[in-house]
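Just below is one structure, and these are the notes that go with it.
The values are calculated or read from the model by the stated rules, or taken from the named source; none is laboratory data. Quick caveat, the model's predicted, so the values are computed rather than measured. A quick note on method: Cβ atoms are made from the backbone with ideal geometry, for glycine too, and the neighbour counts reach across all protein chains shown.
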Amino acid sequence: MSSLRAALVIARRDYVATVWSRAFILFLVGPLIPIVFGLTFGSVGAKMQGTAPPVIAIVASPAEGQAVMAARERLTDALGEGALPEFKLIRPDVNGTALLAEGKAAAVLSGLPGTPTLRGSRDAISAHGPEMEWIVNEIQRDASLKQAGIALTAVKLNQIAVADAARPAESDRATLARAAQLLLLFLTMILAGMLLSNMLEEKSSKVIEILAAAVPVDAIFMGKLIAMLGMSLTGITVWSAAAGGAIAIFLPGLAMQITAPAVGWPIFVALCVVYFMASYLLLGALFLGIGAQAGTVREVQTLSMPLTFGQLIVFGFASVAAEQPNSPTALAASIFPWSSPFAMIARSVLKAELWPHLLAIAWQFLAVTAIIRVGARLFRRSVLKSGGGGFWRRLIGRSSRAA
Amino acid sequence: MTQEFAIEANGLVKHFDGVRAVDGVNLAVPAGTIYGVLGPNGAGKTTSLRMLLGIIDPDSGDRRLLGNPSPLKVAAQVGYLPEERGLYPTMQAREAIAFMGALRGLSLAEGRARADRLLEEHGLGDAARRPIRTLSKGMAQTVQILGTIVHNPKLIVLDEPFSGLDAINQGRLEALIRAQVAAGATILFSTHVIAHAERLCERIAIIVGGRVQFEGSVVDARGRLRPVVTLVTRADEGPWRDALPADASRDDRTWTFELPPTGIEPLLARLIAGEAGIETLSIERPGLHEAFVDIVGGSVADSMDRAGEER
């Protein structure tokens with residue numbers, strides 16, 4: 001049986017065992033919870049705001065009332081819906097102050113047209129005073145123009161888009177490059193970390209010897225990586241669909257506002273997927289190899305902190321590529337396997353050439369193979385022996401009783 | 001495969017942390033036989049089996065499994081039951097067997113079909129779709145054994161297969177081993193329970209301290225010791241006493257001694273002539289246990305007996 005087929009047999013078992021578990025539902029739903037909460041509370045907040053808009057009572061004759069509403073309509077056209085409070089016209093014989101006392105109005109405007117007066121709480125005056133002053137001035141301007149017999153006609157504004165000097169495309173792309181790197185780091189960190197403890201199941205259930213007697217250890221490692229990558233891609237597909245749906249509903253114009261990456265959106269999205277896979281496999285192979293040497297959960301936990309720290313250092317190294325894509329540091333970050341996906345995804349945003357990506361992808365997958373080989377060799381050497389404790393425990397010289 | 005041997009090992013050596021765990025092991029397992037590897041705990045049996053199967057590589061020496069120097073290349077024709085049993089606890093019994101078959105090259109569909117048939121044949125048909133964690137230890141062990149043979153291997157390697165089984169299941173396993181050999185398979189198993197090896201094996205290797213102390217047939221092992229004569233006489237004393245060896249042990253009128261190199265006939269003639277009044281006389285070939293004690297020494301044999309009782 002070929003190593004690939006053996007790897008797929010193991011990958012299938014691991015994938016099915018992971019995806020058909022209750023824990024996987026939590027895994028899928030977990031990252032969606034903050035989004036759902038945000039949308040729910042945002043919606044409730046908007047509703048609360050919508051149900052209680054501020055109301056200004058305006059004491060005016062029918063003719064004055066018409067003038068007030070005409071002025072309000074013009075200003076709303078200019079400022080946008082919701083910029084002004086609601087107006088409630090009341091006849092001059094109605095006691096406007098009583099509405100204030102009853103809480104039916106935030107403020108009362110009276111004395112039109114000669115001595116306009118706004119009554120209300122200090123907060124209401126502070127919030128609505130300037131707006132009502134606009135309205136009153138607008139009414140007065142209308143009345144003056146009418147008296148002078150002048151009729152204004154609307155002027156059409158010619159709108160011509162030119163390059164935005166304040167926000168050049170390079171600056172936008174650098175931001176996008178950093179965002180892509182961060183997303184890649186975030187996904188790799190939260191998803192690849194699971195591989196650190198991935199061999200513990202086989203070791204604790206003693207299945208490892210059955211696997212190792214039947215297929216090469218390289219195939220075991222590869223199978224586990226493929227399974228966990230498949231599980232991660234399943235999760236990312238679900239989360240992306242949810243995020244895409246939420247953006248389409250709540251932020252429909254967002255995609256149009258983002259500057260396109262240098263390689264174009266379709267290739268960029270494809271590269272994001274490939275570089276995520278490469279980054280996941282590179283880090284996952286390392287985690288799997290190191291974690292496979294661990295004998296206990298405690299050892300795995302002890303190892304996770306320095307590894308995460310190392311990951312952040314590598315990310316810092318790669319982030320230079322987003323700042324100075326042509327620098328020697330960026331080139332080194334593109335070559336060093338673990339920083340290469342981060343550096344190259346930034347490059348895809350900033351530079352249009354595609355051949356460096358083909359080279360980098362081939363190099364990254366070659367590195368994955370090499371890491372798996374080294375990890376498998378160490379595993380066979382140090383773990384599969386009678387009566388042996390965990391490699392890390394032996395390394396730091398602790399007795400099995402102490403552990 | 002070399003015509004006669006399913007397994008050949010020459011000078012296998014393995015060190016762990018500076019300790020020579022296996023020290024030049026030589027084995028030759030004839031095809032179509034049951035071969036036992038005997039030795040106390042820590043003797044190097046499991047490490048030797050792991051090297052033979054390619055789970056770990058020897059530091060020096062070479063091995064051929066079914067004629068191939070790369071054991072994993074013939075893994076599809078080999079079944080292996082490790083000493084430390086292992087199954088995924090959440091897997092169904094039939095899936096576990098099919099998975100073990102798939103690791104050895106069977107398709108999952110074929111593996112499931114064979115798993116259903118094997119489970120039915122071994123009285124576990126009702127447990128086919130139960131997760132392993134819900135099975136008793138004996139049932140889980142049977143599932144693992146069935147997973148070891150699901151792909152009809154030519155060579156089956158069993159590391160301490162009887163450990164943890166009750167007497168009934170031990171008998172079933174012995175029957176299964178004999179059935180596999182009758183179907184043409186070769187069996188190599190390790191044990192420290194000599195009775196199993198004596199009942200099943202044609203040839204054995206005794207490993208102590210990482211070295212093979214004896215390698216040959218069970219008959220040869222037992223043949224290392226002279227047969228034992230047990231004589232019961234009616235007379236207490238008489239001239240017939242001179243016919244008995246000087247180191248014969250006595251318990252009342254019962255005498256026990258090794259059969260003299262000259263055979264039983266001259267002895268019998270002298271006993272009759274000396275009027276010993278022979279009540280009973282028996283000649284017994286010593287068992288494998290006695291041969292084992294003779295080969296490895298009493299202290300090692302005692303430690304094995306204790307370990308066997310603890311299990």
Only listed residue being outside the structural domain of B:K45 (by TED's automatic domain parsing) and either in a loop (DSSP other than H, G, I, E, B) or surrounded by 16 or more Cβ atoms within 10 Å (Cβ to Cβ) (or both), chosen from B:A246, B:A269: B:A246
- prompt: Hey, which of the helices (runs of 4 or more DSSP H) in the range A:315-383, taking only ones fully inside, have at least 1 residues that are aliphatic (A, V, I, L, M) and over 27 Å from the mean Cα position of the chain (by Cα)?
  reply: A:328-335, A:355-382
task: Among residues belonging to the range A:317-374 that are out of contact with any Ser or Thr (no Cβ under 9 Å at 6 or more places or on another chain) and of a type in the set (F, W, Y), point out the one that is farthest from A:A177 (Cα to Cα).
output: A:F365
task: Select from the range B:15-42 the residues that are of a type in the set (G, A, S), in contact with a helix residue (DSSP H, G or I) (Cβ under 9 Å, 6 or more places away or on another chain) and more than 10 Å from chain A (Cβ to nearest Cβ) and list them in ascending order.
output: B:G32, B:G36, B:G39
- prompt: Does the range B:98-117 contain any residue that is more than 11 Å from chain A (Cβ to nearest Cβ) and under 25 Å from the mean Cα position of the chain (by Cα)?
  reply: no
message: With the structure loaded, tell me whether B:R64 is out of contact with any Gly (no Cβ under 6 Å at 6 or more places or on another chain), more than 13 Å from chain A (Cβ to nearest Cβ) and more than 27 Å from B:L38 (Cβ to Cβ) or whether it fails that test.
response: no
- prompt: Within the range B:176-198, restricting attention to residues that are part of a helix (DSSP H, G or I) and either outside the structural domain of B:N41 (by TED's automatic domain parsing) or over 20 Å from B:G138 (Cβ atoms) (or both), which residue is farthest from the chain's Cα centre (by Cα)?
  reply: B:A182
query: Any residue in the range A:182-196 that is within 14 Å of chain B (Cβ to nearest Cβ), among the polar types (S, T, N, Q), touching a Gly at 6+ places or on another chain (Cβ under 9 Å) and over 23 Å from B:K73 (Cα atoms)?
result: no
task: Return a yes/no flag: does the range B:152-175 have any residue that is under 20 Å from B:K45 (Cβ atoms), part of a helix (DSSP H, G or I), in contact with a Phe, Trp or Tyr (Cβ under 9 Å, 6 or more places away or on another chain) and among the β-branched types (V, I, T).
output: no
message: Could you check the range B:55-75 and list, in sequence order, the residues that are part of a loop (DSSP other than H, G, I, E, B), under 17 Å from B:F5 (Cα atoms) and in contact with a helix residue (DSSP H, G or I) (Cβ under 9 Å, 6 or more places away or on another chain)?
response: B:L66, B:G67
task: Those residues that are small (G, A, S), crowded, with 22+ Cβ neighbours inside 10 Å and not in a loop (DSSP other than H, G, I, E, B), I need them from the range A:290-314; list them, please.
output: A:G291, A:A292
message: If the requirement is being surrounded by fewer than 21 Cβ atoms within 10 Å (Cβ to Cβ) and either in contact (Cβ under 8 Å) with a residue 40 or more places away in the chain or in contact with a Phe, Trp or Tyr (Cβ under 6 Å, 6 or more places away or on another chain) (or both), which of these qualifies: A:A270, A:A246?
response: A:A246
- prompt: Of the residues that sit in the range B:82-97 and are more than 7 Å from chain A (Cβ to nearest Cβ) and either free of Cβ contacts under 8 Å to residues at least 40 places away in the same chain or outside any helix (DSSP H, G or I) (or both), which one is surrounded by the fewest Cβ atoms within 10 Å (Cβ to Cβ)?
  reply: B:E83
